[in-house]
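> One structure is given below, represented as structure tokens, and several questions about it will come after.
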Amino acid sequence: MLNLDQFMNIRFLQKQGHSVRQIARMTGHSRNTVRKLLRAKTAPTPQPRTRSSKLDPHRDYLTERWQAHRLSAVRLFAEIQPRGFTGSVKIVRGFLAQLQAAHRIDPRLTVRFETPPGEQAQCDWAEVGRYPQPDGTTIKVYAFVMVLGYSRYLYAEFTRSMDVATLIRCHQNAFAFFGGWPRRILYDNMRQVVIGPDRINPRFLDFVRHHGFEAKRCRPYRPRTKGKVERSVSYLRDSFLNGRTFDGLDELNAQGRHWLGHVANVRVHGTTKARPCDRLAEEALTAAAELNPYQVTRSTTRTVTVEALVRYETNDYSVPARWVGARVSVDAGDQVIHIRAGDLVIAQHPVNAGCGQRTESPAHVRERWALSVPAGPPVPPKGCHITFAQAVQVRPLSAYAEVAS
């Protein structure tokens, strides 16, 4: 089969006025070949050669077995020999190499996935660093980041903890900042959300069900699955945190809010070519005002002291005196603290904002006093007790004197 250069050369010689005989002599091709190419309207396309192989009758079998079990070439070679294969194991290895190449996945490969308005948000934590305190100790500071998939509208909040209660509070603040929430939110395998295969933390799941969105996990070991929030974290570090100084966590969050409102959400985004604040109006979010606020609680266990008190965060709260020595659960919200014995709520108090304070219910105090004061008949003294059935006869001393005389 002639290539394109040879075809063009024959056509060029014809335009110069050479005859078929002359072109054949000059190019070394036969006159029939020259005539055929001169009559062709398009250049010839080479056809791949097809060679028969001893492996051809067994290709479907090898493909099925390898896809189902990933068997080795030696194992497959032994299986097809009784089926009539007379070639060598080298041929089987070459065929398996082709199958493996066709199924090999490049871990660097990423497919951009754009979501419609209100469909998805992506969420992540990032450790900002360790910072010294006046007493010489250091604390960790974390950044909670959530970005709406369609508009790229960004929210960020800085915390000292990544526990479930903090995660829920950051979600609530983000929803208030966005004006609502999308139909699903994408997470990595953070322990505050995922506690096992296909299992979500029950406390966080309760929050998810309260708002009615779907908590979706990204593919393990594939952080680019939630690439929008990953890039947002990098953008937060470079555009806001890098080279700045903050006087405490409150100032850090205050400056962060200013940066979100005046820089991050008003810039022209590199991918959407639009400002996130403009596209936010197109997000079909579930309005935050349509649902009662979710009550965030922190749970722990404590032992009731001999004074019928339970200590939580340096403050003491009373319980009924009959629960002295029992292990109880403490569920502390923003305003109210509940103390439970199993599923039974045995006490409820407003959260004390002070330090070292004592909060007691009058009924608990009365019960404690009633059970601490002895009741009923007095306890008899220790020792034996003798009771005589008949009265002892009493005689005058003169009677004894007469007997003695």
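> With a point put 7 Å past each Cα toward its Cβ, work out how far residue 101 is from residue 140 in nm, to one decimal.
Reported label-point gap for residue 101 and residue 140 is 4.6 nm.
> Classify the range 120-290 from the C-alpha gyration tensor, please: rounded if a/c falls under 1.5, else prolate or oblate depending on whether a/b exceeds b/c.
Because a/c hits 1.5 or more and a/b fails to exceed b/c, the range 120-290 counts as oblate.
> Looking at the chain as a GNM with Cα springs under 10 Å, which of 158, 95, 246 has the largest mean-square fluctuation?
95
> How would you rank 150, 131, 312, going from fewest to most other Cβ atoms within 10 Å of each one's own Cβ?
Least to most surrounded, the residues fall as 131, 312, 150.
> Same structure, new question: Rounded to whole Å and sorted largest first, what semi-axes of the equivalent ellipsoid does the C-alpha gyration tensor of the range 56-103 yield via the square root of 5 times each eigenvalue?
Each semi-axis is the square root of five times an eigenvalue, giving 16, 11, 10 Å.
> For the chain, set up a Gaussian network in which alpha carbons nearer than 10 Å are linked by springs, and say which option among 55, 309, 249 fluctuates the most.
Taking springs between Cα atoms under 10 Å, the residue moving most is 55.
> Let me ask something additional. Quickly estimate the mean residue ellipticity at 222 nm for the chain, helices only: each DSSP H run with n ≥ 4 gives -39500 (n - 2.57), and the total goes over all residues, rounded to 500.
Counting only the DSSP helices, I get -9500 deg cm²/dmol.
> Using 10 Å bins from zero, what percent of all Cα-Cα pairs in the chain falls into each bin?
In order of increasing distance, the bins hold 4, 13, 14, 12, 11, 11, 10, 7, 5, 4, 3, 2, 1, 1, 0, 0, 0, 0, 0 percent.
> Let me ask another. From the convex hull of the Cα coordinates of the range 123-222, what is the mean projected area in square nanometres?
7.5
> How would you rank 8, 162, going from fewest to most other Cβ atoms within 10 Å of each one's own Cβ?
In order of increasing Cβ crowding within 10 Å: 8, 162.
> Among 61, 341, 309, whose Cα projects farthest towards the positive end of the dipole of the chain, with charges put on the beta-carbon of Lys, Arg (+1) and Asp, Glu (-1)?
Checked the options; the winner is 61.
> Please report 169, 93, 209 as a ranked list, fewest other C-beta atoms within 10 angstrom at the top and most at the bottom.
The most exposed by this proxy come first: 209, 93, 169.
> Once you've got the GNM for the chain with C-alpha springs shorter than 10 Å, pick whichever of 215, 43, 370 has the biggest mean-square fluctuation.
Of the options given, 43 has the highest mean-square fluctuation.
All of the numbers you see were taken from the coordinates with simple rules; none came from a lab. This one's a predicted model, so the numbers in the text were calculated from it and none came from an experiment. Every residue, glycine among them, receives a Cβ derived from its backbone with ideal geometry; neighbour counts consider all protein chains shown.
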